[in-house]
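Q: This is the structure, below, for whatever I ask next.
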Amino acid sequence: MASKLLLITFAICRLLSTVGFTMDPLARVTGHVQLSSDPDDLEAASRDFGGMSRAKPLAVLHPASAEDVVSVVRAGSAHGFTVSARGHGHSINGQAQVGRNGRNGVVIDMSGPKGRRFRDVFTKPVLGKMINRSGASYYVDVWGGELWIDVLKWSLDEHGLAPKSWTDYLYLSVGGTLSNAGISGQAFHHGPQTSNVYELDVVTGKGELLTCSEEKNSELFHGVLGGLGQFGIITRARIALEPAPQRVKWVRVLYSNFSAFTKDQEYLISLRGGASSERFDYVEGFIIVDEGLINNWRSSFFSPRNPVNLTSIGAHGVFYCLEVTKNYDESTADMVDQVVETLLKKLDFIPSSVFTTDVTYLDFLDRVHKAELKLRAKNLWHVPHPWLNLFVPKSQISKFNDGVFKGMLAGNKTSGPILLYPMNRNKWDHRSSVVTPDEEVFYLVALLRSATQEGPHTLDNLRDQNRRILQFCEESGIKVKRYLPDYSTQDEWKGHFGEKWESFKEMKMKFDPYHILAVGQRIFRPSFTSHGIFDW
Ligand code: FAD
């Protein structure tokens, strides 16, 4: 124990002396770059949305440019300390931290310079236009730490354009979601966000600032997309845009029959690529295991004056809600109801369960923020979130329903939304680092739980339930892949990446040979530490 302490002290002293900073918050790595050791900054960087792991960094960098990122990464690789980019800290299991128990390195807070307005330092996003065989298409260049909500507001307000592929929640950073995949109900048609980016600027683990795309440094480009921050820090992303609709017809319908529900979802996503008037723009779904909440889920979508009456529907147990939208603007406003009606007629939901609302495009995309504000007001936002996100192959989703939704969860009070929707694998670029099941259609199952201090949903209980769900999948031969994965041994990561593992490892050696980046993912230990020193 004493020798362990000595080694830790030595490692910290080495870090402090070699990069030339002291605990003085104004100390410098090189020249102009200032690292902060302000206790508030360290505290903020040591936490995340999951609220389950904490690791205090030695210092925090609030970069004002890609060059600032380069300086710190170069110092890290030259002098042996780790560097983790933090987008908006919305990871669940410490993925944006510097290592769970150690003051091992520097967090780069990509949200920008402290005490100054983001826009005073970073230029506005820059609009661009490309001409290719299918005509002109627009894109926007943004800083890697830009939040999606800001990308949306800027492109909508200034140009009437918007990115094509989304996450349900927009207060996430561009670099953070591109390091995972970035999915929502548009993914069946457009693919994940990683399939809708043309070019990146990346600071590799060696401190090189490289531009990469399909054509240029393509190995790095594909590796970084879905690469869990392992090969470099994204400082700029070129994101595909499309003309933004003005409004959205937003429809929810209920099912009590699981196979009717999944058959309809699969039918709707098979319409990908079709004419806009012949498909929905967004297809999602969620599970209601707690009948008491059927009128009270996630937003004020269901009018309280018009509650769903389960007795009149004649159904009970687990319910499945299909959620779809159709975008429109002035030129298509007179057709939109007809398009929605025609598509709904092909589906097999409970007839009296159609709920429709009509909102602006911005309000639709920013819908989860409303729920966030409500939870914040009740002090329920900063609670532990033992989330579990799984990709389940289509052929095994029914078995999953029987064992998990009906078997383990039915009748229980809910601890948060449970999303369920399918996606088309051919919309995902398999050269990227993202891992999906092998089948052409697979489902996202997202158990988005919030833990309470007492009652059935304590952190321990929910974690235990997550373990039992994974165990059930293993024992039943359901070949799930985890989204936003959280493993801690290299064998587990090897199993996760499957056939991509060898090339993933090779890219790590090439772009981050000392393994200094994103150690919070717990994939590769830094090469300058032994197991004894670096504790994650
Ligand atoms: P962080 O948590 O800060 O970082 C995540 C990982 O990426 C870390 O390893 C970090 O080191 C690395 N990283 C961060 N920035 C960069 C960068 N610029 N370059 C390289 N690596 C970087 N995901 C979906 O796909 N769809 C959803 O609908 C969705 N909804 C969500 C709703 C909520 C309320 C929350 C909390 C999360 C949701 N997520 C969703 C998950 C989200 O995509 C991840 O949390 C993701 O990590 C983005 O969050 P962040 O920007 O805060 O990244």
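Q: Restricting the search to region 220-249, which residues are more than 16 Å from the ligand (Cβ to nearest atom) and either small (Gly, Ala, Ser) or over 30 Å from residue 342 (Cα atoms) (or both)?
A: If the condition is that a residue be more than 16 Å from the ligand (Cβ to nearest atom) and either small (Gly, Ala, Ser) or over 30 Å from residue 342 (Cα atoms) (or both), then 240, 244 are the ones that fit.
Q: On to the next question. Considering (1) closer than 24 Å to residue 65 by Cβ; (2) open to solvent by 30 Å² or more (accessible area, probe 1.4 Å); (3) part of a strand (DSSP E or B), say which one residue 131 fails and leave the rest.
A: Every condition holds for residue 131 apart from (1).
Q: Considering only residues that are in a helix (DSSP H, G or I) and either surrounded by fewer than 20 Cβ atoms within 10 Å (Cβ to Cβ) or touching a residue at least 24 places away in the same chain (Cβ under 8 Å) (or both), which ones fall in region 203-248?
A: Listed by number, the residues that qualify are 218, 219, 220, 222, 223, 224.
Q: Additional query: Would you check if residue 329 is open to solvent by 40 Å² or more (accessible area, probe 1.4 Å) and either modelled with pLDDT of 95 or more or away from the ligand (no atom under 13 Å from the Cβ) (or both)?
A: So residue 329 passes the test.
Q: Now a separate question. Do the conditions hold for residue 211, that is, is it away from the ligand (no atom under 14 Å from the Cβ) and under 24 Å from residue 107 (Cα atoms)?
A: So residue 211 fits the description; yes.
Q: Among the residues of region 140-173, write down those that are surrounded by 15 or more Cβ atoms within 10 Å (Cβ to Cβ) and either over 21 Å from the mean Cα position of the chain (by Cα) or assigned to a helix (DSSP H, G or I) (or both).
A: 148, 149, 150, 151, 152, 153, 154, 155, 156, 159, 161
Q: Considering each residue of region 176-194, count those that are in contact with a strand residue (DSSP E or B) (Cβ under 9 Å, 6 or more places away or on another chain), not aromatic (Phe, Trp, Tyr) and not in a loop (DSSP other than H, G, I, E, B), and give that number.
A: Looking only at that region, the number is 6.
Q: Which residues, counting only those in region 487-496, are open to solvent by less than 60 Å² (accessible area, probe 1.4 Å), touching a residue at least 12 places away in the same chain (Cβ under 8 Å) and out of contact with any strand residue (DSSP E or B) (no Cβ under 9 Å at 6 or more places or on another chain)?
A: The answer is 487, 488, 493.
Q: Is it the case that region 412-430 has a residue that's within 16 Å of the ligand (Cβ to nearest atom), open to solvent by 10 Å² or more (accessible area, probe 1.4 Å), of a type in the set (Lys, Arg) and in contact (Cβ under 8 Å) with a residue 60 or more places away in the chain?
A: The answer is yes; a qualifying residue exists.
Q: Of (1) in a helix (DSSP H, G or I); (2) free of Cβ contacts under 8 Å to residues at least 60 places away in the same chain; (3) over 21 Å from the mean Cα position of the chain (by Cα), residue 472 satisfies all except one. Which?
A: For residue 472, the exception is condition (2).
Q: Quick one: residue 513 ticks every box in (1) in contact with a Lys or Arg (Cβ under 8 Å, 6 or more places away or on another chain); (2) on the phi > 0 side of the Ramachandran plot bar one, so which box is it?
A: (2)
Q: Could you please find all residues in region 402-429 being within 29 Å of residue 273 (Cα to Cα) and assigned to a helix (DSSP H, G or I)?
A: 425, 426, 427 - these are the residues of region 402-429 that are within 29 Å of residue 273 (Cα to Cα) and assigned to a helix (DSSP H, G or I).
Q: With respect to residue 500, is the statement that it is open to solvent by 10 Å² or more (accessible area, probe 1.4 Å) and either part of a helix (DSSP H, G or I) or polar (S, T, N, Q) (or both) true?
A: yes
Q: Can you work out which of the residues in region 58-90 that are surrounded by fewer than 24 Cβ atoms within 10 Å (Cβ to Cβ) and in a loop (DSSP other than H, G, I, E, B) is farthest from the ligand (Cβ to nearest atom)?
A: 80
Q: Does residue 351 count as within 16 Å of the ligand (Cβ to nearest atom), assigned to a loop (DSSP other than H, G, I, E, B) and out of contact with any Pro (no Cβ under 7 Å at 6 or more places or on another chain)?
A: Considered against the rule, which asks whether it is within 16 Å of the ligand (Cβ to nearest atom), assigned to a loop (DSSP other than H, G, I, E, B) and out of contact with any Pro (no Cβ under 7 Å at 6 or more places or on another chain), residue 351 comes out as no.
Residues checked against (1) within 24 Å of the chain's Cα centre (by Cα); (2) at pLDDT 95 or above:
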residue	(1), (2)
239	yes, yes
242	yes, yes
247	no, yes
253	no, no
260	no, yes
272	yes, no
288	yes, no
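The values are calculated or read from the model by the stated rules, or taken from the named source; none is laboratory data. This is a predicted model, so every value here is computed, not measured. Positions of Cβ are generated from backbone atoms using ideal geometry, with glycine treated the same way; all protein chains shown enter the neighbour counts. The protein model used for the area step is the full one, side chains on, heavy atoms only, and it has no ligands, DNA or RNA in it. Shrake-Rupley method; radii C 1.70, N 1.55, O 1.52, S 1.80 Å.
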